[in-house]
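Structure first, then comments.
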Amino acid sequence: MGKGKYKIFEDSVHGQIAIPEDYVREIIDTRLFQRLKRIEQTSMRPLFPSAHHDRFIHSIGVYHIGKNLFSNIKKNTQQEDIINQTDAYDFIKKNLNNTNCLLEKGAQSEEFGYWNVIETTYEIACLLHDCGHAPFSHAFEDYYFNKNLDNELDTPLNQDITKEYSDIIENHCKEESKSYRENAIEEFKSDLKNCKPKPHERVSAWLVLHNDGFRKQIIDLKGCPLLVARMIIGCIFQNKKKLQNQILNCFIGILNGHNIDADRIDYTIRDNWATGLTPTTINLGRLFASVFIANKSKNKRNKDYVICFKKQGFSELQCLLDEKNYTSYWIFNHNKIKYIEELFTKSVKRLAVLFDNKVQEYSDNAANEQKQYKIENESMYSLFDYHCLISPRKFTVKIDANKEYEEYLYLVSDDDIIYLLKKYFLVYTDQVNIPLINSFLTKNKPYVDEWFSRSQVLVPLWKTHFEYYGQFYKIFEEKSKKIENEEGRRKFLDNEMIDNILFDSAVETIKEIQKEGYIVSTDKPKKILVESEIKKIEPNSIYVKIHDNYCCYSELNLPPKNKERTEYNYPYIFMPKIFNNDSSSAGKKARDTYYIEFYRKTILKKCDKKIKELCARA
């Protein structure tokens with residue numbers, strides 16, 4: 001579309017990706033964007049060592065998918081208008097004005113009109129959609145919020161986003177009336193309350209609006225930073241009476257629609273490539289050829305513009321949905337991944353407490369888990385302060401009675417966290433001359449060491465949801481049938497109660513083993529809860545054209561994958577390894593296969609006894 005010279009990026013997934021040199025110079029070659037090369041894309045690597053892809057190449061891939069989506073929407077919308085005598089294409093070309101003060105200053109062309117402005121803005125949003133991502137994929141992004149203080153609608157981060165959004169309107173739209181500017185700001189505040197972006201998406205939006213982020217670059221490239229921010233966080237215009245808002249909502253939805261968008265399409269295909277798994281095959285050409293903007297209103301005098309797919313692309317939509325549910329259920333909720341995540345999170349929390357100089361307070365509250373949890377949250381919020389993305393932050397670490405150590409965090413990536421864990425828990429442990437700090441580091445060193453070595457101290461009682469359900473939960477279900485009243489059965493099958501019975505039985509089992517003289521790797525089991533939602537297409541979000549009708553995807557009466565469950569909430573319980581005097585390889589192998597089965601049988605007996613007592617009381 002006449003954007004000058006292009007640079008070619010070689011991608012193992014999509015092949016050669018051509019990106020305008022202006023985008024490369026203004027966005028990709030900046031420190032903020034290059035940082036994404038050191039942010040791991042997923043937590044899959046404990047299972048799939050080859051899954052070493054990062055947020056940088058994913059962002060390039062989302063640009064590629066987005067560019068293809070956009071060009072096909074434009075072409076297909078024009079064709080549909082000719083066939084059906086509709087006017088979506090021409091409306092966007094000629095009338096998409098008075099929507100946003102910066103949109104009118106964009107790169108309109110005589111041939112394509114406002115299509116050019118939207119295209120530039122959308123492509124930039126695709127590139128920058130993950131620019132504010134926290135280290136280690138999604139592991140720590142929740143700590144962009146202070147969990148102790150913030151509610152989701154009124155956080156410092158939301159206030160920062162609104163401040164930058166308002167600043168752009170006040171400084172770049174001075175020719176507009178004061179009431180226009182005030183209304184635009186209030187509209188955004190209201191719309192922001194009605195969307196639920198992930199924390200890293202909020203930080204990405206803040207960066208594209210900030211002067212020290214990408215604001216100037218986006219304006220120089222003739223894009224609209226206000227609309228880029230909305231696209232990244234999925235912040236649609238709630239006032240849908242304006243036709244312009246309906247159109248813009250379509251483009252917001254194909255980057256962050258939480259259903260079928262450029263982001264989901266790329267990470268689905270890329271994760272398959274990185275792991276070698278191919279549970280489904282997605283035909284992108286067929287999908288792209290079917291997408292367009294349609295007026296779904298049956299009364300053609302009215303306008304109700306939505307993203308729509310022709311029926312030929314229906315199977316590809318379902319494949320994308322099935323693939324997301326497959327990876328969530330079988331990979332991201334795998335016991336190995338959950339265990340490593342828990343281990344690493346615990347290690348980093350201890351690092352945060354050290355850097356926040358709260359070791360004394362943390363140690364004083366050793367018997368108060370709730371207080372320690374609060375201290376951890378405050379310290380993690382400090383360690384993962386999103387302002388470190390644009391300006392360095394100094395931490396003074398007190399581990400020596402005679403001097404203080406200074407650490408600076410800036411453009412924080414995975415590398416920084418790994419380096420600091422090694423430095424303070426694996427190297428400096430023996431050099432600390434403050435007894436309290438020495439004790440704290442020594443006590444928590446095993447967590448860090450276990451993560452670096454990947455030699456698990458604990459092993460799972462069950463490895464999958466269906467194993468848990470078939471061997472443990474099923475017992476509770478069978479016993480519940482003996483309870484006559486429905487309220488009693490419901491309480492009996494409460495997930496939290498079942499989890500507690502299993503965990504208490506595990507604790508009792510370990511104590512009995514120790515009394516018998518066996519040595520265990522640790523004296524406590526570990527419980528990790530899994531909350532896995534089965535993704536479904538949200539109502540009124542995707543439409544399929546079947547002949548002359550525009551049908552909501554969620555109303556097409558598709559056979560459900562599982563009629564009973566829309567979510568899977570269950571625990572993993574990890575038990576310590578058991579040791580005896582037989583150190584031979586044969587003895588070790590016998591122990592490894594024996595003690596898991598021993599744990600299961602013993603815990604099941606204890607559970608059965610507790611269940612009978614509960615049934616008697618019910």
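The values are calculated or read from the model by the stated rules, or taken from the named source; none is laboratory data. Because the structure is predicted, anything quoted here is derived from the model rather than measured. Cβ coordinates were reconstructed from backbone atoms using ideal geometry, including for glycine residues, and neighbour counts include every protein chain displayed. In case anyone asks, the SASA skips ligands and DNA or RNA and just uses the protein heavy atoms, side chains included. Shrake-Rupley method; radii C 1.70, N 1.55, O 1.52, S 1.80 Å.
A few remarks follow.
- The residue that is surrounded by the most Cβ atoms within 10 Å (Cβ to Cβ), counting only those in region 353-405 that are small (Gly, Ala, Ser) and under 18 Å from residue 440 (Cα atoms), is 379.
- Among residues that are out of contact with any Cys (no Cβ under 6 Å at 6 or more places or on another chain), crowded, with 24+ Cβ neighbours inside 10 Å and in a loop (DSSP other than H, G, I, E, B), residue 223 is included.
- Of all residues in region 158-191, those that are under 17 Å from residue 145 (Cα atoms) and at pLDDT below 95 total 2.
- Residue in region 298-306 that is crowded, with 20+ Cβ neighbours inside 10 Å, in contact with a Leu (Cβ under 8 Å, 6 or more places away or on another chain) and part of a strand (DSSP E or B) present: yes
- Taken over region 401-418, residues that are of a type in the set (D, E, K, R) and within 18 Å of residue 350 (Cβ to Cβ) amount to 3.
- Residues located in region 166-211, provided they are of a type in the set (Asp, Glu) and crowded, with 18+ Cβ neighbours inside 10 Å: 201
- Residue tally, condition outside any helix (DSSP H, G or I) and without any contact (Cβ under 8 Å) to a residue 40 or more places away in the chain, over region 8-32: 7
- The sole residue among 269, 282, 247, 252 that is under 30 Å from residue 12 (Cβ atoms) and either among the aromatic types (Phe, Trp, Tyr) or buried (at least 21 other Cβ atoms within 10 Å of the Cβ) (or both) is 252.
- From 56, 48, residue being of a type in the set (Phe, Trp, Tyr), outside any helix (DSSP H, G or I), modelled with pLDDT of 85 or more and farther than 24 Å from residue 309 by Cα: 48
- Exactly one residue among 257, 223, 253, 285 is more than 20 Å from the chain's Cα centre (by Cα) and touching a residue at least 12 places away in the same chain (Cβ under 8 Å), and that residue is 223.
- Qualifying residue in region 97-113 (condition: modelled with pLDDT under 90, of a type in the set (Gly, Ala, Ser), open to solvent by less than 30 Å² (accessible area, probe 1.4 Å) and in contact with a Ser or Thr (Cβ under 7 Å, 6 or more places away or on another chain)): yes
- Verdict on residue 67 being free of Cβ contacts under 8 Å to residues at least 24 places away in the same chain and either open to solvent by 40 Å² or more (accessible area, probe 1.4 Å) or of a type in the set (Phe, Trp, Tyr) (or both): no
- Failed condition for residue 134, given (1) open to solvent by 10 Å² or more (accessible area, probe 1.4 Å); (2) of a type in the set (Gly, Ala, Ser); (3) not in a helix (DSSP H, G or I): (1)
- When residues of region 416-448 are limited to those that are charged (D, E, K, R), more than 17 Å from residue 360 (Cα to Cα) and open to solvent by 80 Å² or more (accessible area, probe 1.4 Å), the one modelled with the lowest pLDDT: 430
- Looking across region 481-509, the residues that are more than 36 Å from the chain's Cα centre (by Cα) and open to solvent by less than 80 Å² (accessible area, probe 1.4 Å) come down to 483, 485, 488, 508, 509.
- Options 343, 317: the member that is assigned to a helix (DSSP H, G or I) and in contact with a strand residue (DSSP E or B) (Cβ under 7 Å, 6 or more places away or on another chain): 317
- Residue match in region 295-308 (condition: within 25 Å of the chain's Cα centre (by Cα) and in contact (Cβ under 8 Å) with a residue 12 or more places away in the chain): yes
- If the condition is being of a type outside the set (D, E, K, R), over 13 Å from residue 543 (Cβ atoms) and either part of a helix (DSSP H, G or I) or open to solvent by 10 Å² or more (accessible area, probe 1.4 Å) (or both), then region 255-266 contributes 256, 258, 262, 265.
- Total residues in region 33-45, condition more than 18 Å from residue 255 (Cβ to Cβ), open to solvent by less than 40 Å² (accessible area, probe 1.4 Å) and not in a helix (DSSP H, G or I): 5
- Test: residue 150 is among the acidic types (Asp, Glu), open to solvent by less than 50 Å² (accessible area, probe 1.4 Å) and modelled with pLDDT of 95 or more: no
- When the residues of region 422-458 are filtered to those that are among the aliphatic types (A, V, I, L, M), outside any helix (DSSP H, G or I) and within 34 Å of the chain's Cα centre (by Cα), the one that is farthest from residue 596 (Cα to Cα) is 457.
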